[in-house]
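What follows is a short report on a single structure.
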Amino acid sequence: MVTARRGGGRKRLTNQVLVDQVVASFKETIERESFNKRMMYDCSYLILMRPEDYHHAELRLAGITEGILDEFYSYINEKKLQYPRYDPIGSFWDFQYCPAEKGIDNSDIEPGSVQVISAPTSEKSWMELSSEQIKVSVSSKHSKYSKYDLNPNTFANIDILSKGHFRVKFNKELFASEPNTTGGAANNSVTPKKISWLPYSL
């Protein structure tokens, strides 16, 4: 893992590490949850990072979200021959970035790292979800999947900020097309060009 160091020797979360850790969580879900010909993946993400890392990344989060979705769609394309039923469960992607000293397991979030919490859809708020509907990826520990005995009060201590919330419609062209088997040059970015910012309330 490569992180920049700020004054005093503390690690700073880089944009690439942030993208890599969210994408690692996404891939884990596909590998763990997919079955038969059905690809399963989460569409709602809560990404916790230390306050100093959040404030450093805050103005770049829209672009970072686009970069994450480029990787998501690329991986879906890679796996859809194995899992031809790959339509999403939800109707849009949902990303919530929040500053936090501690993760939902009450352990300190390491400098230069994030904790990724995901769920199949964002139809319910994080406080309404049960522990069985939430997956936690401690990406700083090589994204090893971890399960915690969660309760709705867990999220009461997390400051959900509307300015860190992004909701993105799915790229319908991807889900209507067949896998590309030609070698023609094309624009490989399948991320929608516009990122929607929406106020978030619990």
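The values are calculated or read from the model by the stated rules, or taken from the named source; none is laboratory data. Since this is a predicted model, take the numbers as computed values, not measurements. Using ideal geometry, Cβ is built from the backbone for each residue, glycine included, and neighbour counts are taken over all protein chains shown.
Observations on the model:
- Figure legend. Inter-residue proximity from region 13-37: first residues more than 18 Å from GLN82 (Cβ to Cβ) and free of Cβ contacts under 8 Å to residues at least 12 places away in the same chain, second residues of a type outside the set (Lys, Arg) and surrounded by 17 or more Cβ atoms within 10 Å (Cβ to Cβ), beta-carbon distance below 6 Å, spacing 6+ or different chains. No pairs are indicated.
- For region 111-130, the condition holds for at least one residue, the condition being that it is aliphatic (A, V, I, L, M) and part of a helix (DSSP H, G or I).
- Qualifying residue in region 35-46 (condition: aliphatic (A, V, I, L, M), over 22 Å from LYS124 (Cβ atoms) and modelled with pLDDT under 95): no
- Any hit, region 78-87, residues being at pLDDT 90 or above and part of a helix (DSSP H, G or I): yes
- Looking only at region 34-73, and only at residues there that are of a type in the set (A, V, I, L, M) and not in a helix (DSSP H, G or I), the one that is surrounded by the fewest Cβ atoms within 10 Å (Cβ to Cβ): MET40
- If the condition is being touching a strand residue (DSSP E or B) at 6+ places or on another chain (Cβ under 9 Å), more than 23 Å from GLU123 (Cα to Cα) and surrounded by 14 or more Cβ atoms within 10 Å (Cβ to Cβ), then region 74-104 contributes TYR83, ALA100, LYS102.
- Members of region 33-49 found to be more than 16 Å from the chain's Cα centre (by Cα) and farther than 13 Å from ILE89 by Cα, listed by number: PHE35, ASN36, LYS37
- ILE104 vs. criteria of a type in the set (Val, Ile, Thr), at pLDDT below 95 and farther than 28 Å from ASN171 by Cα: yes
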